[in-house]
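Report on the following structure.
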Amino acid sequence: MKVDPQAFLATLGDKANSMTADQRADALEEFMMKQLAKPVAPGTTANVRRGTGVMFGGLTPSGFQPALAPLAKMPAQSGLADFFRLRFMPHSVQHLLQSANDALRKGQPEDIVFACLVHDIAINMIKVDHGWWAAQMLEPYVSEKVSWAIRHHQALRFYADPAMGYEYPQQYVRIFGEGYVPEPYIKATYEYARGHQWYQEARMITVHDLYAFDPNITVTLDPFIDIIGRHFKQPKEGLGFDGSPVAHMWRAMIYPDNPL
Ligand SMILES: [Fe+2]
Ligand SMILES: [Fe+2]
């Protein structure tokens with residue numbers, strides 16, 4: 001989105017001079033989010049659909065629109081790690097790595113660490129209902145428990161469970177506003193998930209779903225390569241070309257610029 005620098009600076013007033021670069025970046029992010037939250041006038045069409053994933057020119061969940069850059073060619077038989085390295089947006093990769101790292105450090109079972117590592121992969125393509133999308137993309141290649149937990153983490157994010165160590169995220173107050181009431185289907189999904197045998201697994205994804213990163217920790221994919229190997233059944237033809245019912249979703253990320 002285009003930012004009017006004068007309008008942005010006017011919101012800061014005298015504070016602007018004493019702010020650090022980080023504080024200014026935070027303020028800019030908040031300013032952009034507020035702009036996006038403005039209703040579109042009737043009869044006009046917004047240029048950017050908010051639910052579109054970043055790879056397709058959409059915004060990050062918190063409202064940034066990173067510039068689209070040319071994409072590297074994918075290997076002939078791409079594996080999950082190739083998508084982390086060559087397709088998923090850097091901010092989304094950091095979020096996934098930090099979440100998985102937190103689960104690993106806190107002694108979660110390995111399948112939960114893996115679930116944390118891939119819980120938001122769909123965000124790169126589409127944001128709305130990203131839990132359902134990610135679960136479907138992964139379903140042929142992961143355990144039923146892992147895909148179930150990923151599908152339901154999205155609804156659980158809206159409901160606190162202090163006994164399990166999960167509070168309603170401040171980030172959601174910023175994105176959705178104060179007093180936000182989720183759609184009825186989200187509430188129904190939450191209520192269903194709460195009584196399910198794998199509730200805890202889905203809940204643990206939300207517990208380790210970190211947005212406040214420790215800037216002193218840099219997490220790489222390397223410690224997770226073996227975990228991917230044990231929990232993701234890599235198709236020998238490569239993701240996108242194995243004839244599975246979700247192959248086209250992976251191909252869409254391989255060729256996001258193809259016109260048809
Ligand atoms: Fe998520
Ligand atoms: Fe997440």
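Taking the fewest neighbouring Cβ atoms within 10 Å as the starting point, the ordered list for 143, 99 is 143, 99. Taking other residues whose beta carbon is less than 13 angstrom from the beta carbon of residue 255, and scoring Lys, Arg as +1 and Asp, Glu as -1, yields +2. The stretch between residue 18 and residue 200 holds 61.0 nm of extra length on full extension. This uses 0.36 nm per residue minus the Cα-Cα distance. Mind putting together the pair-distance distribution for the chain? All Cα pairs, 10 Å bins, whole percent per bin, short to long. Percent of Cα pairs in each bin: 6, 27, 35, 23, 8, 1. Assuming a ≥ b ≥ c are the square roots of the Cα gyration tensor eigenvalues, decide whether the stretch 143-260 counts as rounded (a/c under 1.5), prolate (otherwise, with a/b larger than b/c) or oblate. Judged from the Cα gyration tensor, the stretch 143-260 comes out prolate (a/c at least 1.5, a/b above b/c). Think of each Lys and Arg Cβ as +1 and each Asp and Glu Cβ as -1; about the Cα centre, that makes the dipole of the stretch 80-254 roughly 160 debye. Over the stretch 155-205, the reciprocal of the mean inverse Cα-Cα separation, the Kirkwood hydrodynamic radius, stands at 11.6 Å. Counting other Cβ atoms within 10 Å as a rough exposure proxy, the listed residues 105, 24, 151 run 105, 24, 151 from fewest neighbours to most. Less than 5 angstrom separates the built amide H of residue 166 from those of 161, all sequence-distant by 5 or more or on a different chain. Extension gain for the segment residue 171 to residue 11, taken as residue separation times 0.36 nm less the Cα-Cα distance, is 55.5 nm to one decimal.
Net charge within 11 Å of residue 74 by Cβ-Cβ distance, Lys/Arg positive one each and Asp/Glu negative one each, not counting residue 74 itself?
Cβ neighbours under 11 Å give a net charge of +3.
Which residues in the stretch 106-128 place their backbone N less than 15 Å from a point set 7 Å from the Cα of residue 227 along the Cα-to-Cβ direction? Once the point is set 7 Å along Cα→Cβ of residue 227, 106-121 turn out to lie under 15 Å by backbone N, inside the stretch 106-128.
The 3J(HN,Hα) values that the Karplus relation (6.51, -1.76, 1.60; θ = phi - 60°) gives for the stretch 118-132 are, in residue order, 10, 5, 10, 4, 5, 3, 5, 9, 8, 8, 5, 6, 5, x, 5 Hz. Gly and Pro appear as x. Listed by Cβ neighbour count within 10 Å, with the fewest neighbours leading, 201, 178, 167, 237 appear as 178, 167, 237, 201. When its C-alpha radius of gyration is set against 2.2 N^0.38 Å (N residues), the stretch 73-166 gives a value of 1.09.
Work through the residues other than residue 243 whose Cβ is under 12 Å from its Cβ and net out their charges, Lys, Arg +1 and Asp, Glu -1.
With Lys, Arg at +1 and Asp, Glu at -1, the neighbours total 0.
Summary of the geometry: the stretch 175-209 and the stretch 95-143, compared by the centres of their Cα atoms, lie 15 Å apart.
Since every read-out is calculated from the coordinates, none of them should be taken as a lab result. This one's a predicted model, so the numbers in the text were calculated from it and none came from an experiment. Neighbour counts run over all protein chains shown; Cβ positions are idealised from the backbone, glycine included.
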